[in-house]
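**Student:** Pasting in a structure now, in structure tokens, and then I'll have a few things to ask.
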């Protein structure tokens with residue numbers, strides 16, 4: 001007997017499908033918001049807000065209701081929107097994920113409002129500095145993708161992205177077809193090559209590493225707040241407490257509900273957890289440990305209306321990040337095709353045709369959106385009987401759980417979210433300290449700056465001498481920051497200063513180094529030497545009279561030259577692991593290196609005059625290296641899938657021959673290396689033992705031609 005067949009429903013799990021799964025950003029919501037921001041009429045916004053605030057239960061906060069603390073107050077007694085707007089940020093969406101037009105429109109709008117836009121992890125065009133197009137929040141994935149001293153000093157907030165909000169555990173991602181010439185230039189990368197931010201980042205493997213990076217950033221830009229972006233996940237409260245003890249000024253708890261304008265569809269679902277869980281946990285743990293007054297707490301991930309802001313405030317947030325909302329205000333139709341580079345509205349694409357023909361976004365649209373949200377916050381505050389937003393931050397006693405719409409809703413127990421955990425009312429509910437200042441005041445860095453500052457201001461160069469100890473951290477960063485603030489990364493190239501130091505340098509020696517700063521250390525240095533350096537020169541050599549063989553001794557630590565975009569480093573000794581990871585332009589000579597050398601390298605030249613560890617060149621897409629292979633073991637240590645190695649043929653590779661020799665000569669001139677001298681004295685014998693290492697995507701002939709042109 002024939003039975004009629006019923007077609008399988010699509011379901012609409014990823015994209016909106018009529019009569020399918022409910023989506024918070026559905027066509028009605030998007031149309032209502034875009035009508036409101038184009039008209040500038042608050043009545044139209046009220047329709048949008050009603051669609052969001054009265055939706056079916058879709059998030060945990062939809063099961064929570066805020067109750068008044070007293071009689072309603074007149075609206076004119078509630079703090080003005082000018083006090084509320086500075087609490088709003090646009091979330092981290094990079095130039096690359098978004099089109100240049102959308103990225104700049106966001107920045108202009110937030111600056112005009114007195115709020116802040118977030119650059120996202122991808123650098124920023126220096127032409128935008130000191131203008132209303134600047135992003136006041138500069139995001140760093142540790143220290144790469146265009147992170148330089150000039151980038152950092154043009155920030156009010158520097159945000160360390162420990163983990164990707166929309167897809168924790170997977171990292172950030174920009175598909176290769178969105179990496180144009182312009183994007184690659186800003187990120188010091190190669191056009192067409194995908195950019196990945198794997199978690200954990202290569203210089204953060206412990207809370208101590210994070211504390212060091214925070215200190216590095218506070219040295220290069222003491223006026224900026226340092227933020228750490230965490231994801232909402234179980235245990236985030238413990239992590240947040242550690243972050244505060246590492247001297248962060250601001251913590252963002254990012255929920256799963258959101259995206260980056262580049263996320264693949266496989267990352268949209270089942271990654272991360274609601275911000276309601278992470279925010280409440282972080283707030284409770286910080287209060288329990290008497291740390292809440294030291295740090296500003298922000299949340300983001302799917303915030304849409306003033307009611308979302310009110311609920312986030314009650315759960316402990318004093319600052320609020322909006323990502324998708326401003327994108328929709330600029331014209332985004334939420335088609336879930338951001339990663340394909342064919343955004344039909346020109347918001348999340350680098351396609352010139354789509355941007356010029358279809359992008360209709362204006363800063364005024366974003367401004368209307370945030371003003372509407374702030375006005376709704378005021379109206380709700382008046383109804384709740386409060387006059388200032390800070391009066392409800394962390395006041396979970398105002399919140400009650402609703403029964404919901406289904407039996408499953410009724411079985412949910414959200415009391416842990418809205419509990420004060422018995423913490424005394426005297427404990428702070430929000431941040432009161434302007435800065436979370438480190439215990440390390442950087443006395444040597446301040447002494448050096450005080451002595452050198454007249455030479456900087458006069459641009460006259462000079463030579464200076466100081467002793468250094470291993471508890472003197474980030475030496476050079478403070479100096480580079482002051483130079484970058486006045487002249488940019490390269491403005492003092494014609495008036496270099498030589499800073500001679502004697503002893504053992506602590507972590508991050510020469511971090512964020514700029515042109516005009518030549519650091520010469522007689523002694524040794526710890527991890528992160530030359531992190532993020534953009535220019536200048538760093539020289540490290542053993543103390544005068546040392547009897548050991550430099551090629552057999554470690555002179556600098558791990559993760560040196562991380563994210564460097566230029567400059568030179570000469571070290572008469574071996575480097576530790578992860579040397580020149582994400583090197584994007586620096587030239588360096590060392591006499592040995594540990595595992596993972598040149599990982600993710602995109603530009604520059606690395607010379608290793610000795611043994612190197614395993615996994616050499618993994619992820620390398622640009623630049624090249626010369627590696628001395630005395631024991632014929634290098635063929636088992638490099639990453640065969642991504643790089644090629646070649647012997648130097650004196651007849652066909654004369655340019656490489658002369659380039660290598662000139663670099664060794666420069667190394668000897670700066671460090672006095674006995675091993676370098678030995679190589680030069682018998683150069684023809686040692687030459688066949690060198691490998692030229694290059695990415696498989698690079699052409700050897702073009703490398704030779706570039707060397708000839710540089711010569």
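The values are calculated or read from the model by the stated rules, or taken from the named source; none is laboratory data. Because the structure is predicted, anything quoted here is derived from the model rather than measured. All Cβ positions, glycine included, derive from the backbone under ideal geometry; neighbour counts span all protein chains shown.
**Student:** Suppose the filter is part of a loop (DSSP other than H, G, I, E, B), assigned by TED's automatic domain parsing to the domain that holds residue 277 and farther than 22 Å from residue 26 by Cα; does residue 92 pass it?
**Tutor:** Here the answer is yes, as residue 92 does meet what is asked.
**Student:** Please indicate, with yes or no, whether at least one residue in the stretch 615-628 is surrounded by fewer than 23 Cβ atoms within 10 Å (Cβ to Cβ), assigned to a loop (DSSP other than H, G, I, E, B) and more than 30 Å from the chain's Cα centre (by Cα).
**Tutor:** The answer is no; no qualifying residue exists.
**Student:** Within the stretch 488-515, track down each residue that is under 22 Å from residue 221 (Cβ atoms) and not in a loop (DSSP other than H, G, I, E, B).
**Tutor:** If the condition is that a residue be under 22 Å from residue 221 (Cβ atoms) and not in a loop (DSSP other than H, G, I, E, B), then 497, 499, 505 are the ones that fit.
**Student:** If residue 485 satisfies every condition in (1) outside any helix (DSSP H, G or I); (2) surrounded by fewer than 24 Cβ atoms within 10 Å (Cβ to Cβ); (3) within 27 Å of the chain's Cα centre (by Cα) but one, which is the exception?
**Tutor:** Residue 485 satisfies every listed condition except (1).
**Student:** Take residue 570 and decide whether it is in a loop (DSSP other than H, G, I, E, B), under 31 Å from the mean Cα position of the chain (by Cα) and at pLDDT 95 or above.
**Tutor:** Against the criterion (in a loop (DSSP other than H, G, I, E, B), under 31 Å from the mean Cα position of the chain (by Cα) and at pLDDT 95 or above), residue 570 does not qualify.
**Student:** State yes or no: is residue 396 at pLDDT 95 or above and under 33 Å from the mean Cα position of the chain (by Cα)?
**Tutor:** Here the answer is yes, as residue 396 does meet what is asked.
**Student:** Between 513, 470, 436, which is under 20 Å from residue 573 (Cβ atoms) and buried (at least 22 other Cβ atoms within 10 Å of the Cβ)?
**Tutor:** 513
**Student:** When you go through 317, 374 one by one, which is the residue that is surrounded by 19 or more Cβ atoms within 10 Å (Cβ to Cβ) and assigned to a helix (DSSP H, G or I)?
**Tutor:** After ruling out the rest, the residue left standing is 374.
**Student:** Same structure again: Against the definition (in contact with a helix residue (DSSP H, G or I) (Cβ under 8 Å, 6 or more places away or on another chain), without any contact (Cβ under 8 Å) to a residue 60 or more places away in the chain and either in a loop (DSSP other than H, G, I, E, B) or under 26 Å from residue 299 (Cβ atoms) (or both)), how does residue 61 come out, yes or no?
**Tutor:** no
**Student:** Right, here's the next one. Which one of 49, 155, 115 is surrounded by 16 or more Cβ atoms within 10 Å (Cβ to Cβ), modelled with pLDDT of 95 or more and over 30 Å from residue 380 (Cα atoms)?
**Tutor:** Answer to the selection: 155.
**Student:** Here's a follow-up. Find the residue count for the stretch 549-567, including only residues that are more than 13 Å from residue 593 (Cα to Cα) and surrounded by fewer than 24 Cβ atoms within 10 Å (Cβ to Cβ).
**Tutor:** So the count comes out to 2.
**Student:** Among the residues of the stretch 138-162, write down those that are outside any loop (DSSP other than H, G, I, E, B) and either out of contact with any helix residue (DSSP H, G or I) (no Cβ under 9 Å at 6 or more places or on another chain) or not assigned by TED's automatic domain parsing to the domain that holds residue 173 (or both).
**Tutor:** 139, 157, 159, 161
**Student:** Got at least one residue in the stretch 64-77 being assigned to a strand (DSSP E or B) and within 16 Å of residue 390 (Cβ to Cβ)?
**Tutor:** Scanning the stretch 64-77, I find at least one residue that is assigned to a strand (DSSP E or B) and within 16 Å of residue 390 (Cβ to Cβ), so the answer is yes.
**Student:** Against the condition under 20 Å from residue 420 (Cβ atoms) and assigned to a loop (DSSP other than H, G, I, E, B), how does residue 360 come out, does it pass?
**Tutor:** Answer is no for this residue.
**Student:** Could you check residue 419 against (1) in contact with a helix residue (DSSP H, G or I) (Cβ under 9 Å, 6 or more places away or on another chain); (2) more than 30 Å from residue 65 (Cα to Cα); (3) loosely packed, with under 15 Cβ neighbours inside 10 Å and say which number it fails?
**Tutor:** (2)
**Student:** Somewhere in the stretch 282-303, is a residue more than 24 Å from the chain's Cα centre (by Cα), in contact (Cβ under 8 Å) with a residue 24 or more places away in the chain, assigned to a loop (DSSP other than H, G, I, E, B) and buried (at least 22 other Cβ atoms within 10 Å of the Cβ)?
**Tutor:** Scanning the stretch 282-303, I find no residue that is more than 24 Å from the chain's Cα centre (by Cα), in contact (Cβ under 8 Å) with a residue 24 or more places away in the chain, assigned to a loop (DSSP other than H, G, I, E, B) and buried (at least 22 other Cβ atoms within 10 Å of the Cβ), so the answer is no.
Okay, residues lined up against (1) within 22 Å of residue 621 (Cβ to Cβ); (2) assigned by TED's automatic domain parsing to the domain that holds residue 609; (3) in a loop (DSSP other than H, G, I, E, B):
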position	(1), (2), (3)
635	yes, yes, no
646	yes, yes, no
652	no, yes, yes
658	no, yes, no
665	no, yes, no
668	no, yes, no
679	no, yes, no
685	no, yes, no
693	yes, yes, no
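**Student:** Given the criterion touching a strand residue (DSSP E or B) at 6+ places or on another chain (Cβ under 8 Å) and without any contact (Cβ under 8 Å) to a residue 24 or more places away in the chain, identify the matching residue among 692, 635, 668, 627.
**Tutor:** The match here is 635.
**Student:** Starting from the stretch 403-425, take each residue that is free of Cβ contacts under 8 Å to residues at least 24 places away in the same chain and list its partners that are part of a loop (DSSP other than H, G, I, E, B) and exposed (fewer than 14 other Cβ atoms within 10 Å of the Cβ), counting only C-beta distances under 7 angstrom and pairs at least six apart or across chains.
**Tutor:** Correct list of pairs: 410/403.
**Student:** At positive phi and in contact with a strand residue (DSSP E or B) (Cβ under 8 Å, 6 or more places away or on another chain) - does that describe any residue in the stretch 492-514?
**Tutor:** Checking the stretch 492-514: at least one residue is at positive phi and in contact with a strand residue (DSSP E or B) (Cβ under 8 Å, 6 or more places away or on another chain).
**Student:** Also, quick follow-up: Only one residue in 124, 132 is in contact with a helix residue (DSSP H, G or I) (Cβ under 8 Å, 6 or more places away or on another chain), surrounded by fewer than 16 Cβ atoms within 10 Å (Cβ to Cβ) and closer than 30 Å to residue 514 by Cα. Which one?
**Tutor:** Being in contact with a helix residue (DSSP H, G or I) (Cβ under 8 Å, 6 or more places away or on another chain), surrounded by fewer than 16 Cβ atoms within 10 Å (Cβ to Cβ) and closer than 30 Å to residue 514 by Cα holds for just one of 124, 132, which is 132.
**Student:** Here's something else I'd like to know. Criterion first (crowded, with 19+ Cβ neighbours inside 10 Å and either within 16 Å of residue 571 (Cα to Cα) or modelled with pLDDT of 95 or more (or both)) does residue 676 satisfy it?
**Tutor:** Against the criterion (crowded, with 19+ Cβ neighbours inside 10 Å and either within 16 Å of residue 571 (Cα to Cα) or modelled with pLDDT of 95 or more (or both)), residue 676 qualifies.
Results for (1) within 18 Å of residue 210 (Cα to Cα); (2) assigned by TED's automatic domain parsing to the domain that holds residue 503; (3) in a loop (DSSP other than H, G, I, E, B); (4) at pLDDT 95 or above, shown as yes or no for each residue.
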{"position": "524", "(1), (2), (3), (4)": "no, yes, no, yes"}
{"position": "545", "(1), (2), (3), (4)": "no, yes, yes, no"}
{"position": "557", "(1), (2), (3), (4)": "yes, yes, yes, yes"}
{"position": "562", "(1), (2), (3), (4)": "yes, yes, yes, no"}
{"position": "579", "(1), (2), (3), (4)": "no, yes, yes, yes"}
{"position": "585", "(1), (2), (3), (4)": "no, yes, no, no"}
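**Student:** Can you give me the number of residues within the stretch 15-33 that are closer than 20 Å to residue 47 by Cα and in contact with a helix residue (DSSP H, G or I) (Cβ under 7 Å, 6 or more places away or on another chain)?
**Tutor:** Residues meeting the conditions: 6.
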